[in-house]
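Report on the following structure.
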Amino acid sequence: MPGNEIKSGQATPKDNTPKYLDGLNPMQLKAVKAQDGPILVLAGAGTGKTRVLTTRLAHLIATGAARPWSILAVTFTNKAAREMRERVTSIIGPMAEQVWLGTFHALCAKIIRRHAELLGLQPNFTILDADDQIRLIKQLMQAEGLDDKKWPPRTLSGVIQRWKDRGLTPEKINDVEEKEFSSVRLKQIYKQYQDRLRVLNAADFGDLLLHCLTLFNENPDVLALYQNRFAYILVDEYQDTNIAQYLWLRLLAQGRRNICCVGDDDQSIYGWRGAEVGNILKFEKDFPGAEVVRLEQNYRSTSRVLAAASKLISVNEGRLGKTLWTDGQEGEKIIVRGVWDGEEEARVVGDQVEAYQRKGTSLSQMAVLVRAGFQTREFEERFLTLGIPYQVIGGARFYERMEIRDAIAYFRVLTQHNDDLALERIINKPKRGIGSATLQTIHQLARLEKVSLWRAIENIAQTDEIRPAAKKALQKVLDDFGRWRIMLDSNSHIEVAAIVLDESGYTEMLQLDKSPDAPGRLENLKELVSALEEFENLNGFLEHISLVMDNAEKNEGDQISVMTLHAAKGLEFDKVFLPGWEDGVFPNQRSLDENGATGLEEERRLAYVGMTRAREGIEISFAANRRLYGTWQSSIPSRFVSELPADQIEDMSEIGLYSGNQRMPSENHDEYQSIDDIFGGNQQWQKYGPGFARRKQKDYMSKPLIAGEGYVVDRSQPTLFSSDERVFHQKFGMGTVTAVDGDKVDINFDHAGAKKVIARFLSKP
């Protein structure tokens, strides 16, 4: 390993050195003191990156190498900028206020306001928010006669912003770029949008960097002014820069070439929002002769955590390479646990949280990190059941999310049409042409006749008091809910819930939404429908939701954190739970389908980020089964599990629950064979969970999942069963029917005991 002297090196001696350099290790000190020329600081997780960056900035000023106003320091968030300024101020005092320190967008806005006239703007230009951008695009689409239902303004706004993140003005959009949206003449809309912004003396968020690039490229004297001004440039989180940010930095650094970029190529996890890991990988090519300083001594995690994380990330080919190490404790082995299903996974995590509590670990030092937001539901419900206070970081609690509240509002109206609050929430969601004027008329009639909004709509739909289009839309709402209520008499509430979301247009609305969070919202809806299986009817589910929301009051004391892996970057905890490590869930199938090998490497970096959040312990889990849209899918462990070093792993799969003598249908379905027989007696299934056994029975699994790897039992048609008949259930295994009541079947399962299940979830062996 390069730099063996680091391990044996002690902290910087205090003799003849400024106090602010005390405690820096040799490589940190090297990064701080290196001054002239391009420098790339590869800072691994927990290696003191922030301290190095702020100390370097202060050192430049304290030694007289640069005046405060000649330093440009760039961050990604306002919080990071504030923290950096506070730290530098604590070292050098008020002079820190004169440093050009801020986010990319804040610094670009400062420059643009000084030269606004060169861009056709006035210095007091307005920066539009997202709602204003969408409203303006909608106006332009209407003027062009474009269908905003086929091409939602939010979608087009997202495409335009992605172009701006790549530094593309309307003139630079070629036919290939526009091909997907050629039918709506998006390039023309983009140009009209930019022209209209100038008329309004306004810019959007993406314009700040784009205008600054235009300013520099079209005005060499202005570019030279800032190249000469900034003697030193410091950049934080360089691995997260997009193309426009990269081009901006490269232009400014071409002057004196004194640019220091700090980042970690192994933690580049924001490709979905435009970040280009290639920017940091090609730093040495962009700046020939650049010095690369690797910060590898970790001050956060145990040696076992670092060894496991380092082995995992070493599989990636697109990286510059470094190996984290620590002088700290060896610590616990990483626990890997296979469980039967998601419900069991949440139960085990809840039990482990309570066990750690009893041993003295506070809830605030524990976190559950999931790949996708929909995974939080089962953990939230389990924590509520156990009375464990929790907080969702970076988002709302599951049942507080917008799309979940909307769906629940639909279900509330379905079961109780006089629920005015729920009806008002979804009456025009998705948009049906029922505007505020129509709603005002309905409210007025309801007050006059002292009836519910539903009754008022029934009455007003028979009159000519509202526009024909609105009248038609209201009648369709009445007809739809009437049809769905009839369905509840002959179909399961799970099926009807899915139909409501589809036929109402709500699912399609999210499918057409191209914003980055739209796929996650769709996954949340699928998880909501899956949750219905635990209840006999919609009323029971809605009552449960009411109780959950009532108990889910915000706690200000000790709480466990629940969040996505993306939201966890920059945080650290004593104990970290990493559930859902199954192929298709993590790595995420959509990422693999859209980005191939590049997507897989980013997913692996995300796993690395999750593991390096832990100081002491990691518990990774995967389920043999997942319920999706009311249907069970069989899963296999994530490929990341097999990439972990065996000597750092403690396998705690719950093998005691599943005997190797458990019988399953044979491939020809005429007889049964044991799971051990299926695997030739090697009991591989016991190591990775019972999902592997069913993976051997692909003939028995008929319909391939969209996600790719798993299979589900085809239950497109209900099956009739009779008493004493042998049946198979994906979750509970083999059993004998004891009673049948419509689509409800009582079964005495061989291993799970007596259960009441829905007939459509059963198969005949």
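The values are calculated or read from the model by the stated rules, or taken from the named source; none is laboratory data. Values in this document were obtained by computation on a predicted structure and should not be read as measured data. Quick reminder, even Gly has a Cβ in these numbers, built from the backbone with ideal geometry, and neighbours come from all protein chains shown. Heads up: the accessible areas ignore ligands, DNA and RNA and are worked out on the full protein's heavy atoms, side chains in. Shrake-Rupley method; radii C 1.70, N 1.55, O 1.52, S 1.80 Å.
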Handout entry: Helix-derived mean residue ellipticity, 222 nm - over the chain, DSSP H n ≥ 4, -39500 (n - 2.57), to 500
Key = -13000 deg cm²/dmol
Handout entry: Gain in span if fully extended, residue 95 to residue 754, counting 0.36 nm per residue against the direct Cα distance
Key = 229.8 nm
Handout entry: FRET efficiency for residue 396 and residue 744, using Cβ-Cβ distance with R0 set to 51 Å, rounded to 0.05
Key = 0.90
Completion exercise
The answer for the net charge of residues other than residue 329 whose Cβ lies under 11 angstrom from its Cβ, with Lys and Arg +1 and Asp and Glu -1, is -2
Completion exercise
With every protein chain kept in place and a 1.4 Å probe, the residues 361, 376 fall, from largest accessible area down, as 361, 376
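Just subtract the alpha-carbon distance of residue 147 and residue 642 from 0.36 nm times their residue separation and send over the number in nm, one decimal.
Using 0.36 nm per residue and subtracting the Cα-Cα distance, I get 173.3 nm.
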Completion exercise
Per-residue accessible area, 1.4 Å probe, largest first, puts 636, 404 in the order 636, 404
Practice task
Quick one: P(r) of the stretch 583-630 from all Cα-Cα pairs, 10 Å bins, percents rounded to integers, in order of increasing distance.
Solution key: 23, 41, 33, 4
Exercise for the section: Given the peptides 412-419, 342-349, arrange them by the average over their residues of other C-beta atoms within 10 Å, most packed first. Expected result: 342-349, 412-419
Practice task
Any chance you could check the Cα centroid distance between the stretch 572-592 and the stretch 393-468 for me, in angstrom?
Solution key: 38 Å
Problem - Phi to ³J(HN,Hα) by Karplus 6.51 cos²θ - 1.76 cosθ + 1.60 over the stretch 488-501, Hz, x for Gly, Pro - result: 4, 6, 10, 10, 5, 5, 5, 4, 5, 4, 5, 5, 4, 5
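Tell me the net charge near residue 504. Cut-off is 11 Å between Cβ atoms, residue 504 excluded, with +1 for each Lys or Arg and -1 for each Asp or Glu. Mind showing how you got there, number by number?
Working: positive: 429, 432, 476; negative: 406, 480, 502, 503, 508.
Result for the local shell: -2.
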Practice task
Find out how many positive minus negative residues lie around residue 77, taking Lys and Arg as positive, Asp and Glu as negative, among other residues whose Cβ is under 10 Å from that of residue 77.
Solution key: -1
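Based on the alpha-carbon gyration tensor of the stretch 455-551 and its eigenvalue square roots a ≥ b ≥ c, which shape applies: rounded if a/c is under 1.5, prolate if not and a/b is larger than b/c, or oblate?
Numbers: a/c = 2.06, a/b = 1.39, b/c = 1.49.
Oblate shape, in that a/c is at least 1.5 and b/c is the bigger or equal ratio.
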Handout entry: Under the Karplus curve 6.51 cos²θ - 1.76 cosθ + 1.60, θ = phi - 60°, whole-Hz ³J(HN,Hα) for the stretch 212-218, x wherever Gly or Pro sits
Key = 5, 4, 4, 4, 5, 6, 9
Handout entry: Projected area, mean over directions - the stretch 356-462, Cα convex hull, nm²
Key = 9.7 nm²
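Using only the Cα atoms, what convex hull volume per residue in Å³ does the stretch 283-356 have?
That works out to 148 Å³ per residue.
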Handout entry: Where no second cysteine Cβ lies under 4.7 Å, the cysteines concerned in the chain
Key = 260, 261
Problem - 5 Å binning of all Cα-Cα separations within the stretch 315-359, expressed as whole percents from 0 upward - result: 5, 13, 13, 15, 14, 14, 14, 11, 1
Practice task
Kindly give Rg over Rh for the chain, based on alpha-carbon atoms, with the Kirkwood expression for the hydrodynamic radius.
Solution key: 1.00
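From the P(r) of the stretch 230-337, can you give the percent of Cα pairs sitting at distances over 18 Å? Walk me through the numbers on the way to the answer.
Details: 3272 of 5778 pairs.
Every Cα pair in the stretch 230-337 considered, those over 18 Å come to 57 percent.
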Completion exercise
Check: C-alpha center the stretch 22-65 vs C-alpha center the stretch 87-145, spacing in Å is 29 Å
Fill in the blank from the handout: If amide H atoms are modeled at 1.01 Å from N in the peptide plane, then the residues at a separation of 5 or more from residue 340, or on another chain, having amide H under 5 Å from its own are 624
Completion exercise
Going residue by residue through the stretch 197-204, the Karplus relation 6.51 cos²θ - 1.76 cosθ + 1.60 with θ = phi - 60° gives ³J(HN,Hα) values, rounded to whole Hz and with x marking Gly or Pro, of 4, 5, 4, 7, 6, 9, 8, 9
Exercise for the section: Please quote Rg/Rh for the stretch 225-270 to two decimal places, taking the Kirkwood radius as Rh and restricting both calculations to Cα atoms. Expected result: 1.01
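Any chance you could tell me what percent of the C-alpha pair distances in the stretch 11-89 go past 23 Å?
18 percent
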Exercise for the section: With everything on Cα atoms, drop me the angle between helix 402-415 and the longest principal axis of the chain, reported from 0 to 90° to the nearest 10. Expected result: 20 degrees
Handout entry: Order by protection proxy (mean Cβ within 10 Å, highest first), peptides 421-428, 76-83, 332-339
Key = 332-339, 421-428, 76-83
Exercise for the section: Enumerate the whole-percent occupancy of each 10 Å bin, from 0 to the last occupied one, for all C-alpha pair distances of the stretch 135-259. Expected result: 12, 37, 29, 16, 6, 0
Handout entry: Highest-first arrangement of 732-738, 117-123, where packing means the average Cβ count within 10 Å
Key = 732-738, 117-123
Problem - Solvent exposure of the chain as accessible area per residue, Å², 1.4 Å probe - result: 43 Å²
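Which of 19/49; 150/526; 450/476; 30/333; 49/575; 575/755 have a Cα-Cα distance over 27 Å?
30/333; 575/755
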Problem - Beta bridge orientation in the chain: antiparallel %, DSSP, nearest 5 - result: 35 percent
Exercise for the section: Taking the chain as the reference, fit the longest principal axis to its C-alpha atoms, fit the long axis of helix 78-92 to the helix C-alpha atoms, and give the angle between the two in degrees, 0 to 90, nearest 10. Expected result: 40 degrees
Exercise for the section: Roll a 1.4 angstrom probe over the protein heavy atoms and tell me the percent of accessible area of the chain that is carbon or sulfur. Expected result: 48 percent
Practice task
Give me the accessible area of residue 740, 1.4 Å probe, in Å² rounded to the nearest 10.
Solution key: 70 Å²
